[in-house]
Structure formats: C-alpha cells, structure tokens
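The values are calculated or read from the model by the stated rules, or taken from the named source; none is laboratory data. All values reported here derive from a predicted model rather than from experimental measurement. Positions of Cβ are backbone-derived with ideal geometry, glycine not excepted, and every protein chain shown enters the neighbour counts.
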Amino acid sequence: MDVDEVVTVVSAEIEKRSPEFLEFAADMIKVPSFNPPGNYEKIAPLVVERLASFGLQAKEIITPPELVAQAGFEFPRRNVLATLPGASPKNKAVLMVHLDTVPVEDESLWEHEPFSGKFDDGRLWGRGACDCKGRLACFALALGAIKSAGVVLQGDAVLAATADEEIGGELGAGYLAAQGELDCDFCIVEGFINQMFHGYGGSLSAQITTIGKSAHTAVPWRGVNAIEKMQEVLRAVGQAQIELESRPSVDKEMRFSTLNIGTISGGSKSTIVPDRCAIEIDGRLATEDHPDFVIELLRKKLSKASLDNPDLIFEMEINKKEEAYVSDPDSDLVNCLQESIRLIGMPTVPVTMSRGGSDMKYMIARGIPCVAYGPGHRPNSNIHGVNENIALADFVNCAKATAVTLINLLGIT
Ligand SMILES: [Zn+2]
C-alpha cells in the first residue's frame, strides 16, 4: 500500500473503532483522579489494562517513593507508558497526556453528573472528558487503529499518560523526561483541535506584605495601618500593569503580560489597627517579558511608592518564576500536522503561544520538537470548568490527524 491508501484504511479503521475508545474514555471518567490529592491507585491499572487490550505494550512507571515523600504527597505517583512498536528503533514519537484531572468544585452546577461519563447531544460529558481522559483515549485510538489496520510504522509511537500535570508535573512527566524515558524525535502534547500551541508563556507568583504597627483604635495615630498602606502597593502594581500593557506581544494570543491580584488578607479585629496585610499575585508573562524583568519593574514601582510614602514598609516574596518555553512554530512536526489536518478534510488551525502551562516544558527543555494539539475545542469543551465535554466528531477527527502525522513522520514499512 502507498501512503494515500494507508491513510484511507487507517481513517476507516478509526471511524469503525471509535465507539470502543469513547467507551474507554467514559470508563476513565467514572474513576475520579482529581489532583490534589492525586490518587492514581485505580486509574493507572485501568489505563494499563485497557491499553494492553488494544494491543499496545503498556507498563507502569512508578515515581520513586522517596521523591514523592520529599514533596509531601500522600499517594504514589504512577505513570503509564504504552508503546506501538515500530519496525526499527530508528525514530520515535511521543503522544503526551496525563492521568490526573482538576477537582470538581460544585457538582450541582453540572448538567450531567461529572463522574457519570454520559453521552448526550453528540458529546461525552464529565470531568476529564477532554482534559485529559478524552485526549488519552483519542491518542490511543490513533495507535490502536494503526495496529489493527495492519500498518507497521518505521519507528516506535509511545503514548505517555503521566501523573501530576495539573499541579506542575515535576513527579510525572518531569521525572520521566529526566530519566530519558520520553526522549524522542517529536512530541504531540495534549491540546485543542482548533488551535495549536508551540509553547507557553512565562509565569510568576509573588506575595507582597505591608508591615504596619498595631495600636488600639481609640488611639490610631500610635499605629500604622497596614491595610491602608496596601492601597499604595495596589496602585504600584496597577502602574506596573499599565507599563506591561504598553509592551504588546507579537503573538496575539499572548496579548501582554498580566499581573492578577488574586488574594488579599490582613487584620484580625476591627478594634485593632492592623500591622500586616498581604496580597498574592499571579503573573502570566508574554514571551518577550522575562520574569526577572517583570520582578524588577514591580520593585521599581514599589520603591517609588515608598519614597512618596515614608510609612510604607513592604516585603515582596517571589514564590515561583518560570521562563517562557518555546518550540519552533515552523517545525516539520507542525507543518506535517497541518497537512494531515488538511488531508482529512479539516481546516488548518492557528499556531500560537499559550498563556497557560503544560508538561511540554519538560520536552522543550530536552530539545524535542513539540506542539500541543488534541481533541476538544477551545472554549467549547470548557476544560477545568463545569460541564466539561468533548464532541465525538472532534475525537474521531483528531485521532485521524494524529495517525496520519505518525504515518508520515515515522514512515511505514
Ligand atoms: Zn488541565
């Protein structure tokens, strides 16, 4: 068979077998694996068993317990790798998904019970229906259909379903990547069907505390009100934000760097002049803005505020900072994926950076060409929100585009 015939055969196989794999996605939704706490005791064995039943060589890799203990987690971190072996170990592709989901905050807001895995209105519903159980099953369908269609790829295709993506992935993809388990020629990371991401912007997490002096409210002039002083800090953060907005990113999706003041706390009683007030800031940074630049900008605005207000004493703590990570938007991988999307009769999609984050960082750090793509629509799938869902048509189309990309990039025998 030539490549065109193979694509036709595999596409037909994907359509034929999609109900089985959608059922697999629904079964995963019925086994909650939200994180925190990140309990993989039920989901990991289920995924291994089902991937093996689809003819993949599936195994678990458990993150060393000492690393998990160091991080202070209760449950073991379990990862699943499933390989569709190629004819030669010449090249290798990784399809990257994860086993954990975000929690469900208020079940009563959901139209279909979030762990029921219900099919309705051409969609599968539930927590993880898209992120990432639907995506896991979709990539599994791509591999399973290649195998059952009797097509042999030149290189290995590996489905990596890792732990802890929703909390940063250090003990999941981070651990596996550091062990070299995920080294490959290219990697498709879970993503959306209507937008590809070739990287993620940087981020910043900071806490700013104003320090006052407590006093009885009968004699407030003997104290310094830390909550009142926080007003100056809020203004300074606002000025930093204005300056960041004057530096738009070349990437439209990124817009500009943003500093979100997410929490504020201070004071204990209305009859006491408060001596402490604290805010927490989450920064999402444009590719062009290094975290150190943004921290410096904040410091400058805050120092200026304290010059103008001698009573203003503050402390700024940087809890976390992460640089942007970027893969080539014009790589063979991206171009081949676009071509595959076109080939299955779908419109090609924009390739941008993302303001979120993902396990892609561990792959980019090892120099592996990456792109985020997958079933589920942004924003219709409403990942992390109520009524998360995946359209069955997206599931099938994405499995096809992924399979065609593997066929073209890894080659066939
Ligand atoms: Zn997620």
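Filtering region 109-133 to residues that are touching a Ser or Thr at 6+ places or on another chain (Cβ under 8 Å) and either within 16 Å of the ligand (Cβ to nearest atom) or hydroxyl-bearing (Ser, Thr, Tyr) (or both) leaves GLY126, ARG127, GLY128, ALA129, CYS130, ASP131, CYS132, LYS133.
Which residue out of VAL250, VAL273 is over 21 Å from LYS321 (Cα atoms), in contact with an Asp or Glu (Cβ under 8 Å, 6 or more places away or on another chain) and of a type in the set (A, V, I, L, M)?
Result of the check over VAL250, VAL273: VAL250.
Would you be able to say whether some residue in region 207-230 is part of a strand (DSSP E or B) and in the same structural domain as SER358 (by TED's automatic domain parsing)? No: region 207-230 contains no residue that is part of a strand (DSSP E or B) and in the same structural domain as SER358 (by TED's automatic domain parsing).
Go through the residues of region 322-342 one by one and say whether even a single one is closer than 17 Å to VAL158 by Cα and either within 16 Å of the ligand (Cβ to nearest atom) or not assigned by TED's automatic domain parsing to the domain that holds LEU95 (or both). No, because not a single residue in region 322-342 is closer than 17 Å to VAL158 by Cα and either within 16 Å of the ligand (Cβ to nearest atom) or not assigned by TED's automatic domain parsing to the domain that holds LEU95 (or both). In region 374-383, is there at least one residue being in contact (Cβ under 8 Å) with a residue 40 or more places away in the chain, in contact with a helix residue (DSSP H, G or I) (Cβ under 7 Å, 6 or more places away or on another chain), aliphatic (A, V, I, L, M) and in the same structural domain as THR101 (by TED's automatic domain parsing)? Within region 374-383, not a single residue is in contact (Cβ under 8 Å) with a residue 40 or more places away in the chain, in contact with a helix residue (DSSP H, G or I) (Cβ under 7 Å, 6 or more places away or on another chain), aliphatic (A, V, I, L, M) and in the same structural domain as THR101 (by TED's automatic domain parsing). Listed residues ASP156, ASP121; which is at pLDDT 95 or above and surrounded by fewer than 19 Cβ atoms within 10 Å (Cβ to Cβ)? Going through ASP156, ASP121 in turn, the sole match is ASP121.
Taking the criterion of being under 16 Å from PRO37 (Cβ atoms) and more than 16 Å from the ligand (Cβ to nearest atom), the residues of region 71-108 that qualify are ALA71, GLY72, PHE73, GLU74, PHE75, PRO76, ARG77, ARG78. Listed conditions (1) outside any loop (DSSP other than H, G, I, E, B); (2) over 24 Å from the mean Cα position of the chain (by Cα) are all met by MET363, apart from (2).
For the structure I just gave you, tell me whether ILE390 is touching a residue at least 12 places away in the same chain (Cβ under 8 Å), within 16 Å of the ligand (Cβ to nearest atom) and in a loop (DSSP other than H, G, I, E, B).
So ILE390 fails the test.
Only a single item in (1) within 16 Å of the ligand (Cβ to nearest atom); (2) at pLDDT 95 or above is not met by GLY357, and it is number (2).
Whenever a residue of region 92-105 is part of a loop (DSSP other than H, G, I, E, B), its partners that are of a type in the set (A, V, I, L, M), lying with C-beta atoms within less than 7 angstrom and at least six residues away or across chains, give the pairs LEU99/ILE43; LEU99/ALA44; LEU99/VAL47; LEU99/VAL80; LEU99/ALA161; LEU99/ALA163; ASP100/ALA163. Scanning region 41-63 for residues that are within 16 Å of the ligand (Cβ to nearest atom), under 21 Å from the mean Cα position of the chain (by Cα), modelled with pLDDT of 95 or more and of a type in the set (S, T, N, Q) turns up nothing.
Across region 159-181, the number of residues qualifying as surrounded by fewer than 23 Cβ atoms within 10 Å (Cβ to Cβ), away from the ligand (no atom under 16 Å from the Cβ) and among the hydrophobic types (A, V, I, L, M, F, W, C) comes to 1.
Among what's in region 255-302 and is hydrophobic (A, V, I, L, M, F, W, C) and under 21 Å from the mean Cα position of the chain (by Cα), pick the residue that is surrounded by the most Cβ atoms within 10 Å (Cβ to Cβ).
Kept after step one, since they are hydrophobic (A, V, I, L, M, F, W, C), are these residues of region 255-302: 256, 259, 261, 264, 272-273, 277-279, 281, 285-286, 293-295, 297-298, 302.
Then drop every residue that is not under 21 Å from the mean Cα position of the chain (by Cα), which leaves 256, 259, 281, 285-286.
Working: PHE256: 17, LEU259: 20, ILE281: 22, LEU285: 26, ALA286: 23.
Result: LEU285.
For region 57-71, the criterion of being under 22 Å from PHE139 (Cα atoms) and of a type in the set (Ser, Thr, Tyr) is met by no residue. Within region 144-178, the set of residues being in a loop (DSSP other than H, G, I, E, B), in contact with a Leu (Cβ under 7 Å, 6 or more places away or on another chain) and either closer than 29 Å to GLU41 by Cβ or small (Gly, Ala, Ser) (or both) comprises GLY155, ALA163, ASP164, LEU171. Report whether or not CYS187 is in contact with a Cys (Cβ under 7 Å, 6 or more places away or on another chain) and in a strand (DSSP E or B). Spelling it out, CYS187 is indeed in contact with a Cys (Cβ under 7 Å, 6 or more places away or on another chain) and in a strand (DSSP E or B). When you check ASN39 against the structure, is it in contact with a helix residue (DSSP H, G or I) (Cβ under 8 Å, 6 or more places away or on another chain) and surrounded by fewer than 23 Cβ atoms within 10 Å (Cβ to Cβ), yes or no? In short, no.
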